[in-house]
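Enquirer: Below is the structure I would like to discuss, written out as structure tokens.
The values are calculated or read from the model by the stated rules, or taken from the named source; none is laboratory data. From a predicted model like this one, the values you see are computed outputs, not experimental measurements. We place every Cβ from the backbone using ideal geometry, glycine too, and count neighbours over all the protein chains shown.
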Amino acid sequence: MPQVLQCADRQLDLTRPQVMGILNVTPDSFSDGGLFVSVDAALIQARQMVAEAAAIIDVGGESTRPGATAVSEQEELDRVAPVVEAIVRELPVVVSVDTSKARVMSEAVALGAGLINDVRALRGQGALQAASDAGVPVCLMHMAGDDPRSMQKNPRYTDVIDDITGFLRGRIQACEAAGIPASRLLIDPGFGFGKRVADNLLIMRRLREFLALDKPLLIGVSRKSTIGAVLDRAADERLPGSLALATMACQEGAHIIRAHDVAATVDAVKMCHAVMTAS
């Protein structure tokens, strides 16, 4: 497993847990939809997250919440491209593009994005080839089925950890066959993506088992509905639950924590790491 990930012309230190700041340039994301649809608003938010020590800014132009409206390739590109270009130009941070579309991957990387974050694990048309050609690291996420809009319709597993591990192993093999080196791959078990509350809790309890795949581990738990179900909190009241899960993830070996609330998450992760490495 690499200790430093080369993300285009920028490097990501994996010797300590890093925080990926979420920047949704969408009108309909579940927690922050509509807040950062203009380039100016998105850039202000990116500046703030970098000031709060985000190591990565993850730019997404299509909501993946259940029931969200699909957007065309061109519309997603129109949302994402100017934001990626502006952040790369102005800020010393790794920029990730959160997309499943081949052309969006290619054009975002051409504009300086250094990481592809795909909820469909490169199963979309042309995505494997686009990611191979792009030459940047790729995060492969597990999701039940192949469409976020229907992923929560009766998801079932034989053993949720074994099933996710088997899926991710298969996608790693597909990537290697397509010419993507193993050293460029990250994994994400997909907390909240086609999982019941019990499944998500088990993912967290057994998170360390995914390290057997020998890939950097990314986890996104921020403001997710499982927190709402357990704590009976609305999306804007889930920071304490999000921080509890982020700390657990760090303790269980996660390398990257994807979060809306960067400053608080950085503090939680930094404190956890300090305890874990104390001698």
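Enquirer: Taking the stretch 228-243 on its own, how many of its residues are assigned to a helix (DSSP H, G or I) and surrounded by fewer than 16 Cβ atoms within 10 Å (Cβ to Cβ)?
Expert: Final tally of qualifying residues: 7.
Enquirer: Applying the selection to the stretch 244-279, what residues are modelled with pLDDT of 95 or more and outside any helix (DSSP H, G or I)?
Expert: Residues satisfying the conditions are 252, 253, 254, 255, 256, 257, 258, 259, 260, 261, 277, 278.
Enquirer: Return a yes/no flag: does the stretch 239-258 have any residue that is on the phi > 0 side of the Ramachandran plot and either touching a residue at least 60 places away in the same chain (Cβ under 8 Å) or touching a helix residue (DSSP H, G or I) at 6+ places or on another chain (Cβ under 6 Å) (or both).
Expert: Yes: one or more hits.
Enquirer: If you take just the strands (runs of 3 or more DSSP E) that sit entirely in the stretch 110-217, which of them hold at least 1 residues that are of a type in the set (Asp, Glu), at pLDDT 95 or above and crowded, with 18+ Cβ neighbours inside 10 Å?
Expert: 115-118, 185-188
Enquirer: Condition first: in contact with a Gly (Cβ under 8 Å, 6 or more places away or on another chain) and under 20 Å from residue 3 (Cα atoms). Now tell me which residues in the stretch 185-215 satisfy that.
Expert: Across the stretch 185-215, the qualifying residues are 188, 207, 208, 211.
Enquirer: Checking the structure you have, find out if any residue of the stretch 65-83 is under 18 Å from residue 18 (Cβ atoms) and β-branched (Val, Ile, Thr).
Expert: Among the residues of the stretch 65-83, not one is under 18 Å from residue 18 (Cβ atoms) and β-branched (Val, Ile, Thr), which makes the answer no.
Enquirer: Pick from the stretch 1-51 the residues that are among the acidic types (Asp, Glu) and farther than 17 Å from residue 96 by Cα: which of them is modelled with the highest pLDDT?
Expert: 40
Enquirer: Tell me, which residue of the stretch 252-278 that is over 13 Å from residue 218 (Cα atoms) and not aliphatic (A, V, I, L, M) is surrounded by the fewest Cβ atoms within 10 Å (Cβ to Cβ)?
Expert: 277
Enquirer: Scanning for something of a type outside the set (Ser, Thr, Tyr) and on the phi > 0 side of the Ramachandran plot, does the stretch 164-175 turn up at least one residue?
Expert: no
Enquirer: Restricted to the stretch 228-247, and to residues that are among the aliphatic types (A, V, I, L, M) and under 16 Å from residue 266 (Cβ atoms), which residue is nearest to the chain's Cα centre (by Cα)?
Expert: So, considering only residues that are among the aliphatic types (A, V, I, L, M) and under 16 Å from residue 266 (Cβ atoms), the one nearest to the chain's Cα centre (by Cα) is 246.
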